[in-house]
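Beneath this line is the structure, given in structure tokens, with notes to follow.
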């Protein structure tokens, strides 16, 4: 995607963020993804950002998607997370083409037209699908073989009831696969949503609830993939999520700067922004976030989508995610310190930004595992 198209994507994301931000605090309080946010994502064409041009999308590069996601996350990290899941699934799929060809074309066209999708892989006992393993959720043929019956329990299903396309990772005997379950406004017969996420620590409005499948019927042609996805590492996943967390941290940076410029204690007689201590603290926030943004953009911008480089590239992504994680967590904590006691209340959005970046330390590759990846690469092992 050329510079002009990149600018257009970022401008679109900024306009979406401006509208989404007005609802973000109430959405966090209620623990619900605003239907207005979803409608905006769907009608604006933003959900088709990563969809190939030949399928009706914008064919955006990884870097363009990262830059756009950064802006949407400034408005609402929860809503940005929902869009991030769409972009990472589509971006990875357009490179690997593991879906059946007819299903690939249809789903891509529907995503470009505003369909909202997510891959449902995590389970209570299995944990994250990134570590491999056969899911306990099953898909078994009906007696006449015309359909599949899906049964099982999925966790962290970001988007929840707002999803139109659920890409459900299942076990087909001793082999893994993916079944497409379509969800309309009235829901899906046999699909139970359990609201486990409304009072979570972070990203409360992402509707990352549990989905329980009770003999959910899917036509046989909805079996869109068979095989183990771990064989093709997804470079889009961590970069898209890193953009969400960095965007939330940048929103905290902007908010605390506004506060410092406006807050004028009577005992001081001038804004706290004039104090060297406040200037130093905001400088520390800004330097860390600038460095994280530069590394994330450099890594995303150098990805060319070549399979031969995919496994090795994960090391660079792990390094960028580590830097983003540390910068976002430190910056939002320091923003609380700058604002003082008011930051602990709902009077300022800083406590929400602080909470919303916390999952960055838990999503793979995380902590020691990420450092070990980088270390092995540096050692040539």
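Each value in this text was obtained by applying a stated rule to the coordinates, not by laboratory testing. Every value quoted in this text rests on a predicted model; they were computed, and no experiment measured them. Cβ placement follows ideal geometry from the backbone for every residue including glycine, while neighbour counts extend to all protein chains displayed.
At a glance:
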| read-out | value |
| --- | --- |
| Helix 77-96 axis, angle to the chain major axis (alpha carbon atoms, nearest 10°) | 50 degrees |
| Gyration tensor (alpha-carbon) shape descriptor, segment 118-229, a/c threshold 1.5 | oblate |
| Ranking of 61, 302, 78, 360 by count of other Cβ atoms within 10 Å, fewest first | 302, 61, 360, 78 |
| Beta bridge orientation in segment 118-229: antiparallel %, DSSP, nearest 5 | 90 percent |
| Cα shape, segment 199-342, gyration tensor, a/c 1.5 rule | oblate |
| Förster radius 25 Å - calculated FRET efficiency between residue 226 and residue 369, Cβ distance, rounded to 0.05 | 0.30 |
| Helix 235-262 vs. the chain, principal-axis angle (Cα, 0 to 90°, nearest 10) | 30 degrees |
| Highest-fluctuation residue, 21, 113, 186 considered, GNM on the chain with Cα pairs under 10 Å | 186 |
| Helix-derived mean residue ellipticity, 222 nm - over the chain, DSSP H n ≥ 4, -39500 (n - 2.57), to 500 | -17000 deg cm²/dmol |
| Residue with peak Gaussian network fluctuation, the chain [Cα springs, cutoff 10 Å], from 133, 115, 75 | 133 |
| Between helix 62-75 and the chain: long-axis angle, C-alpha atoms, 0 to 90°, nearest 10 | 60 degrees |
| Distance between segment 326-367 and segment 1-43 - C-alpha centres, whole angstrom | 21 Å |
| More than 25 angstrom apart: percent of Cα pairs within segment 3-116 | 20 percent |
| Choice from 135, 265, 189 with maximal GNM fluctuation in the chain (Cα, 10 Å cutoff) | 265 |
| Scaled radius of gyration (Cα, divided by 2.2 N^0.38 Å) that the chain gives | 1.01 |
| Which of 16, 33 has the fewest Cβ neighbours within 10 Å, and the rest in rising order | 16, 33 |
| Peptides 41-53, 367-379 ordered by average Cβ neighbours within 10 Å, highest first | 41-53, 367-379 |
| Neighbour-count ranking [beta-carbon atoms within 10 angstrom, fewest first] of 236, 99, 303 | 99, 303, 236 |
| DSSP beta bridges in the chain [antiparallel fraction, %, rounded to 5] | 85 percent |
| Alpha carbon centroid spacing (whole Å) that separates segment 51-71 from segment 212-254 | 16 Å |
